[in-house]
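Take a look at the structure below.
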Amino acid sequence: ELTETARDRSKKGSLLWLLDQTETSMGARLLRRWIDKPLLSRARIEERLEAVEHLYNQYILREDLRMALKEIYDLERLVGRIAFGSANGRDLNALKLSLRQVPALKELCAQSTSSTLRRLAEETDTCEELYQLIEDAIVDEPPVSVRDGGIIKPGYHERLDELREASTNGKRWIA
């Protein structure tokens, strides 16, 4: 009964239900994977335990991390939509807002006395270039559908601005 109960196949009453205090969907899925496929390497187990013990004992750090994580959308799903070409402007803005939290998360881990959290901070890419690209290119309130247009900010791409001008003021443009 690690992830669901034997009697009614529900999460409630399982070990996962007991342990799951995650703030994000990604965290919940990660915890489920950790329970379904536990580590086998003693060194990796001890490394994880060191980070967990540190976060357990450092209430302020733990709560700061929680607050930052609450602002992060489901990156796995967003990236999946982007990879499959089904993302819209709102998905890109959700990615941007999530990426805005990464430097703060990285800094909190880097300042920690936990060697595991510091190592994770060193390995974390803040994706600043991607954040800036979305910030520069995508309007703040994009339409739901990509087909509606108006996702790219005016001034971002000269040729696109010319085509927009032609579509809205076509007769005047032709004259």
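The values are calculated or read from the model by the stated rules, or taken from the named source; none is laboratory data. Keep in mind that this is a model prediction, so the values were computed, not measured. Methodologically, a virtual Cβ is constructed for each residue, glycine included, from the backbone with ideal geometry; neighbour enumeration extends over all protein chains shown. Calculation scope for accessible area: heavy atoms of the full protein, side chains included, ligands and nucleic acids excluded. Shrake-Rupley method; radii C 1.70, N 1.55, O 1.52, S 1.80 Å.
General observations
- Electrostatic tally near ASP136: other residues with Cβ closer than 15 Å to its Cβ, Lys and Arg +1, Asp and Glu -1, net -3.
- Gyration tensor (alpha-carbon) shape descriptor, segment 30-84, a/c threshold 1.5: oblate
- Once the C-beta distance of ALA137 and SER115 is scaled by a Förster radius of 35 Å, the resulting FRET efficiency is 0.35 to the nearest 0.05.
- ILE152 accessible area, 1.4 Å probe, all protein chains in place, Å² to nearest 10: 50
- Charge dipole (debye, nearest 20) of the chain; +1 at Cβ of Lys and Arg, -1 at Cβ of Asp and Glu: 660
- Solvent-accessible heavy-atom area per residue, rounded to whole Å², over the chain at 1.4 Å: 71
- Unit charges on C-beta of K, R, D, E only; dipole of segment 1-87, Debye: 380
- Here's the picture: charge each Lys and Arg Cβ at +1 and each Asp and Glu Cβ at -1 in segment 22-95, and of LEU40, ILE72, LEU55 the one pushed furthest to the positive end of that dipole is LEU40.
- Applying 1/(1 + (r/R0)^6) with R0 = 22 Å to the Cβ-Cβ distance of GLU71 and THR126 gives a FRET efficiency near 0.90.
- Taking amide hydrogens as placed 1.01 Å from N in the peptide plane, the amide H of ILE138 sits under 5 Å from those of LYS153, each at least 5 positions away in sequence or on another chain.
- Cα-centre dipole for segment 75-175 with unit charges at Cβ (Lys and Arg positive, Asp and Glu negative), debye to 20: 320
- Taking every protein chain into account, the 1.4 Å probe leaves LEU49 with about 100 Å² of accessible area, to the nearest ten.
- If you run the Gaussian network model on the chain, springs between alpha carbon atoms under 10 Å, then out of GLN21, GLN101, GLN132 the most flexible one is GLN21.
- With at most 14 other Cβ atoms within 10 Å, longest stretch of the chain clear of loop chymotrypsin sites (Phe, Trp or Tyr not before Pro) (DSSP): 1-83
- Shape of segment 1-71, Cα gyration tensor, a/c cut at 1.5: oblate
- For PRO154, neighbours were defined as the other residues whose beta-carbon sits under 14 Å from its Cβ, and their charges (Lys and Arg +1, Asp and Glu -1) total -4.
- Residue pairs exceeding 28 angstrom between C-alpha atoms, taken from LYS11/LYS70; LYS11/LYS96; LYS12/LYS70; LYS37/LYS70; LYS106/LYS153; LYS11/LYS106: LYS11/LYS96; LYS106/LYS153; LYS11/LYS106.
- At the residue level, THR113 shows approximately 110 square angstrom of accessible surface with a 1.4 angstrom probe and all protein chains present.
- Global geometry of segment 1-156, whether rounded, prolate or oblate, following the gyration tensor of its Cα atoms and the 1.5 cut on a/c: oblate
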